[in-house]
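To start, the structure itself, in structure tokens.
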Amino acid sequence: MYQGIYGSSKKHESDLDHVINRAFKSGVEKIINTAGTHQETIQALELCSKYENLYTTCGYHPTRCNELNESNEDEILKQMIDLCEKNAEKIVAIGEFGLDYERTQFCGIDQQKRYFEFQLKHLISLKKPLFLHNRASSQDLYDILYKYRDEIKAGGVIHSFDGTLDEALQFIQLGYFIGLNGCSMKIQNNLDVIKQIPLNKILVETDAPWCGIKQSHASYSHMNTQFTSELVKKEKWIAGKMVKDRNEPCTIIQICEVIHSIRDKKESFDELCETIYLNTKHLFFSDQ
């Protein structure tokens, strides 16, 4: 989408540089561009080389794990480890990997479980935090993480969390943060859960170009910052403008605003943001 391509149709020229610079100008300090295959990590590293404060991950997304099989898994594993070791400063997490039981048409459950555990078992030694995908798979994800709890030292985040409070607390007890974005805030039940998650265990994200907060979401009325004047339809794109219905990193302030509002403003907005900022530094950038 940041190349101007929507589905198979090109609507406008690439505006990725605009998107990244808009994020930094809005106050975003660092961006982690999550990858879902070895090749995507290579592509992300090329982009990272252009920006000092851009980072990425390394791992196989559960919907892409059909690219792994018994004949190539060892070679791909070696490539991932080599890539992580040679780019230790830019690859700040293992992932995005985990389980996705809502989109098994891309990769069956048994294959997902096999290669989530395969990656976890062999990449723990890199001592990087885990960027974890979880869709309707909380118990199996928890069971596998619990199995390796003594070996996992760097912690991680359950990305785009939209589960129950009990599920959140299970992961927190294992030492994980809970990552929240617009897809975490669609219905009132989501907000009721978020309200009860300890602030020192929350991270925020956009998952752009997806997971923006929409008018139909329960979270919409809790936002203060709007980008309406900056939006144009993709067919009428203008350089320097945001594209309607395409999310961007600069909108991360909206996620913080929703959390602040539903917590009944227990702390100031700046205090809430500072806590989440320090949570993020602790997990991904503890040496900086």
From the options Ser9, Ser49, residue that is small (Gly, Ala, Ser) and over 23 Å from Lys128 (Cβ atoms): Ser9
Extreme residue, nearest to the chain's Cα centre (by Cα), among residues of the range 46-57 that are more than 26 Å from Asn72 (Cβ to Cβ) and not hydrophobic (A, V, I, L, M, F, W, C): Tyr55
Of those in the range 233-288 that are surrounded by fewer than 13 Cβ atoms within 10 Å (Cβ to Cβ) and among the hydrophobic types (A, V, I, L, M, F, W, C), the residue nearest to the chain's Cα centre (by Cα) is Leu278
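For every residue, the table says whether it meets (1) in a helix (DSSP H, G or I); (2) among the polar types (S, T, N, Q); (3) at pLDDT 95 or above; (4) out of contact with any His (no Cβ under 7 Å at 6 or more places or on another chain).
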site: Ser221; (1), (2), (3), (4): yes, yes, yes, yes
site: Asn224; (1), (2), (3), (4): no, yes, yes, yes
site: Thr251; (1), (2), (3), (4): yes, yes, yes, yes
site: Asp264; (1), (2), (3), (4): no, no, no, yes
site: Asp270; (1), (2), (3), (4): yes, no, yes, yes
site: Asn279; (1), (2), (3), (4): yes, yes, yes, yes
site: Gln288; (1), (2), (3), (4): no, yes, no, yes
Hits in the range 79-113 (condition: basic (Lys, Arg), crowded, with 16+ Cβ neighbours inside 10 Å and either over 18 Å from the mean Cα position of the chain (by Cα) or more than 22 Å from Gly155 (Cβ to Cβ) (or both)): Lys113
Could you tell me which residue of the range 1-45 is surrounded by the most Cβ atoms within 10 Å (Cβ to Cβ), considering only residues that are of a type in the set (Ser, Thr, Tyr) and under 30 Å from Gln79 (Cα atoms)? Thr41
Scan the range 236-249 for residues that are part of a loop (DSSP other than H, G, I, E, B), in contact with a strand residue (DSSP E or B) (Cβ under 8 Å, 6 or more places away or on another chain) and among the aliphatic types (A, V, I, L, M) and jot them down. Ile238
Consider the range 24-70. How many of its residues are in contact with a Pro (Cβ under 8 Å, 6 or more places away or on another chain) and within 15 Å of Val92 (Cα to Cα)? 1
The correct count of residues that are surrounded by fewer than 21 Cβ atoms within 10 Å (Cβ to Cβ) and farther than 19 Å from Glu102 by Cα in the range 133-190 is 20
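The values are calculated or read from the model by the stated rules, or taken from the named source; none is laboratory data. None of the values given here were measured: they were computed from a predicted structure. Positions of Cβ are generated from backbone atoms using ideal geometry, with glycine treated the same way; all protein chains shown enter the neighbour counts.
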